[in-house]
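See structure below.
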Amino acid sequence: MTRPAIHEDSTPPGTVVIVGGGQAGAQAVDSLRRAGFGGRLVLIGAEATLPYQRPPLSKKYLQGELAAERLPFRHRAFYDEHDVELELGRRAVQLDVAASVVELDDGRRLDYHRLLLCLGATPRRPSWPGANLAGVHVLRTVEDADAIRADVRSGSRVVIVGGGYVGLETAATLRAMGCEVTVVEAAERILNRVASPESAAHFGARHREHGVRIRCGTGVARFEGATRVARVVLGDGTTLESDVVVVGIGAAPVTELAARAGLPCDDGVLVDAHCRTADARVFAAGDCARQESTRYGRRLRLESVDNAFEQAKTAAAAMLGAAAPHDRVPWFWSDQYQDKLLIVGLAEGHDRRVLRGDPQSGSFSVSYLKDGELIAVEAVNHSKDYMAGRKLIAERARVDPAALADPRVEMKDARIAPGTSH
């Protein structure tokens, strides 16, 4: 791959084009105008709707408790008042970084001084036989949620493939809608990649209490049916009768536009700590961006609302010459039934795990340490530990594992004073 020439143009941007109308794109619009950018601002969105919140799609929106008009971050009046040109229902199909031009699917070409790629990610679609049958869904957009809701009714037999956040949140919602729900997870437990065994056990028990069946340790062999899915055949030979299937097996970053333009990509568009690509006029943020992390000393691609917002703020500042590296501690959450899982930090590379509280009580936390430093906290129905952990992790605090394990000791008081050996 030919590395593009890097533009070192430091002149203030006259035109900023944002490709992607998701959470990062919406935040970038807000950040640019708040920072005083008065130039031309164009937002290109592949969906025909205004930029909207995605977390409710698997919860209140899917259940019908949140109206579509409450999903957008901002109403159209905001974009009109702030002189934002909206190109909704349009795709960027070609990017020429040498000429600083992006081409739309209707043939129009837009010149830019700065470009922000907020391309997002796309759900991984299964390649199993029968995956194209009617009734097999993924959940990423409001259109996906509408299609699932139109397909189910009380008593519908639904198979959820994937025991991660999206799969379990969807399972909880559909169960509340009266569906018969079975979750199929290829790993030995649900939440296998994203949470501790204790948290997985807690949420697994909660789902079973609500009548959800969970099958772990086996994948899908095929979907069967004439024109519509009627059954799911698992790898162990088990057959599950089904009216609807929802597949939640992860998402892949959208990088084709950047890659065709010669921008380096590797599990995301590669960007520096300021969200700048190899071309200094082009930035990327959100689920599509794999960023150099000053905190973790490596590149990370994080799929989270907070990450999308914060990277968009970083990119907007950098485009206007007020660059400050993105160094936020990441955090994530999941709501299932009345339970909330809050995670702050990244547990990868930990050498010790400390359970705090009794999982049987329904409120506990799990802390992850590396060389004595607290690097992540996972809290189930325990926002106080989450908040304390967030502060300690940001400060790179070393903690006393014994104090950390004792719920009678405030988590903030488990810190070891600098210079103290332990």
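What the table shows:
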| item | result |
| --- | --- |
| Any hit, region 241-252, residues being under 30 Å from V97 (Cα atoms), under 21 Å from the mean Cα position of the chain (by Cα) and either assigned to a strand (DSSP E or B) or not aromatic (F, W, Y) (or both) | yes |
| K313 vs. criteria closer than 30 Å to M177 by Cβ and under 18 Å from the mean Cα position of the chain (by Cα) | no |
| Which numbered condition G107 misses (of (1) without any contact (Cβ under 8 Å) to a residue 60 or more places away in the chain; (2) in contact with a helix residue (DSSP H, G or I) (Cβ under 9 Å, 6 or more places away or on another chain)) | (2) |
| Test set (1) free of Cβ contacts under 8 Å to residues at least 24 places away in the same chain; (2) over 17 Å from the mean Cα position of the chain (by Cα); (3) surrounded by fewer than 18 Cβ atoms within 10 Å (Cβ to Cβ) - E292 fails condition number | (3) |
| Test result for E65, within 28 Å of Y165 (Cα to Cα), touching an Asp or Glu at 6+ places or on another chain (Cβ under 9 Å), assigned to a loop (DSSP other than H, G, I, E, B) and not basic (K, R) | no |
| Verdict on G357 being within 15 Å of A394 (Cβ to Cβ), of a type outside the set (F, W, Y) and buried (at least 16 other Cβ atoms within 10 Å of the Cβ) | no |
| Yes/no for A150 being surrounded by fewer than 14 Cβ atoms within 10 Å (Cβ to Cβ), outside the structural domain of R301 (by TED's automatic domain parsing), of a type in the set (G, A, S) and not in a loop (DSSP other than H, G, I, E, B) | yes |
| Residues within region 166-199 that are part of a helix (DSSP H, G or I) and crowded, with 22+ Cβ neighbours inside 10 Å, tallied | 10 |
| Unmet requirement for D236, which otherwise passes all of (1) free of Cβ contacts under 8 Å to residues at least 60 places away in the same chain; (2) part of a loop (DSSP other than H, G, I, E, B); (3) not assigned by TED's automatic domain parsing to the domain that holds T182 | (3) |
| Residue within region 269-279 that is over 27 Å from Q94 (Cβ atoms) and in contact with a Phe, Trp or Tyr (Cβ under 7 Å, 6 or more places away or on another chain) present | no |
| Single unsatisfied condition, G237 versus (1) loosely packed, with under 14 Cβ neighbours inside 10 Å; (2) under 22 Å from the mean Cα position of the chain (by Cα) | (2) |
| Residue that is surrounded by the fewest Cβ atoms within 10 Å (Cβ to Cβ), among those in region 102-116 that are more than 13 Å from D279 (Cα to Cα) and of a type in the set (A, V, I, L, M, F, W, C) | L104 |
| Residue list for region 124-139, restricted to those being in contact with a helix residue (DSSP H, G or I) (Cβ under 8 Å, 6 or more places away or on another chain) and either surrounded by fewer than 19 Cβ atoms within 10 Å (Cβ to Cβ) or in a strand (DSSP E or B) (or both) | H137 |
| Residue list for region 163-182, restricted to those being more than 15 Å from R213 (Cβ to Cβ) and among the β-branched types (V, I, T) | V166, T173 |
| Residue match in region 265-278 (condition: in a loop (DSSP other than H, G, I, E, B), in contact (Cβ under 8 Å) with a residue 60 or more places away in the chain, over 30 Å from C179 (Cα atoms) and aliphatic (A, V, I, L, M)) | yes |
| Residue match in region 318-329 (condition: more than 17 Å from the chain's Cα centre (by Cα) and within 22 Å of E378 (Cα to Cα)) | yes |
| Members of region 204-231 found to be part of a strand (DSSP E or B) and over 30 Å from V380 (Cβ atoms), listed by number | A221, R222, F223, E224, R228, R231 |
| Region 253-289, subset surrounded by 18 or more Cβ atoms within 10 Å (Cβ to Cβ) and among the charged types (D, E, K, R), residue nearest to the chain's Cα centre (by Cα) | D287 |
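The values are calculated or read from the model by the stated rules, or taken from the named source; none is laboratory data. Just so we're clear, the structure is a prediction, and the values are computed from it rather than from any experiment. For neighbour counting, all protein chains shown are included, and Cβ atoms are generated from backbone atoms with ideal geometry for every residue, glycine included.
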